[in-house]
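A short write-up of the structure that comes next.
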């Protein structure tokens, strides 16, 4: 009889990150060069299970959890017995604020609670990289040199930039702290969402058709060709 070898669960071998590039443009749409994207951020195979768990946790954390109902101890009235204990032929009752009375308390009703789900930092980072890799794999990542040429907020400038860059559909614009003018320029457009680079997350990336970065907000080291 051959010996049986006990083995643990087989770990799936994930493919190595791939090299991807993106064209660097100005606000008029002219190509200024090509930038290599960080493979560990934009070139991994998306981890769907982690993506699902992190996005679910993120949406759950947005719930307020402030719904509340009153129990029989919290509703007003009902300080005495509605009728005497014996002799009525009916069931004994202690308060007209019991759950089965109109205006009574709610049995097992919702109370304020937190919907937060625990997810560790490694999972959050992997989910973000998976979402960015998915968009980069579809060619849905765009890069501009910056918005420093805009001296005052104008929605017309934002529309012109999106048209010149060929960005159609929902666009996520990732801005830096110094891009206040760009923030107010994009603020009136329904199909555009602006986000600070430090708040970039998997859900907003997946919700957008295009992700637009600047030189300052593009994650990872950049190498211009």
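The values are calculated or read from the model by the stated rules, or taken from the named source; none is laboratory data. Keep in mind that what you see is a predicted model, and the values were worked out from it rather than measured. So basically every Cβ, Gly included, is an ideal-geometry build from the backbone, and we count neighbours across all protein chains shown.
Remarks
- Count of residues meeting criterion [closer than 30 Å to residue 46 by Cβ and exposed (fewer than 14 other Cβ atoms within 10 Å of the Cβ)] in region 102-131: 8
- Subset of region 8-57 [part of a helix (DSSP H, G or I), in contact (Cβ under 8 Å) with a residue 40 or more places away in the chain and touching a strand residue (DSSP E or B) at 6+ places or on another chain (Cβ under 8 Å)]: 42
Conditions (1) closer than 20 Å to residue 209 by Cβ; (2) at pLDDT 95 or above, marked per residue:
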residue	(1), (2)
157	no, yes
162	yes, yes
174	yes, yes
178	no, no
184	no, yes
192	yes, yes
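- Scanning region 185-204 for residues that are touching a strand residue (DSSP E or B) at 6+ places or on another chain (Cβ under 7 Å), within 14 Å of residue 217 (Cα to Cα) and in a helix (DSSP H, G or I) yields one hit, 197.
- Residue that is surrounded by the most Cβ atoms within 10 Å (Cβ to Cβ) [pool: residues in region 38-52 that are in contact with a helix residue (DSSP H, G or I) (Cβ under 7 Å, 6 or more places away or on another chain) and closer than 18 Å to residue 117 by Cβ]: 51
Residue-by-condition table, conditions (1) loosely packed, with under 11 Cβ neighbours inside 10 Å; (2) touching a strand residue (DSSP E or B) at 6+ places or on another chain (Cβ under 9 Å); (3) closer than 30 Å to residue 134 by Cβ:
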position: 59; (1), (2), (3): no, no, yes
position: 67; (1), (2), (3): no, no, no
position: 70; (1), (2), (3): no, no, no
position: 83; (1), (2), (3): no, no, no
position: 90; (1), (2), (3): yes, no, no
position: 100; (1), (2), (3): yes, no, no
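- Exactly one residue among 176, 169, 137 is touching a helix residue (DSSP H, G or I) at 6+ places or on another chain (Cβ under 8 Å), touching a residue at least 24 places away in the same chain (Cβ under 8 Å) and surrounded by fewer than 20 Cβ atoms within 10 Å (Cβ to Cβ), and that residue is 176.
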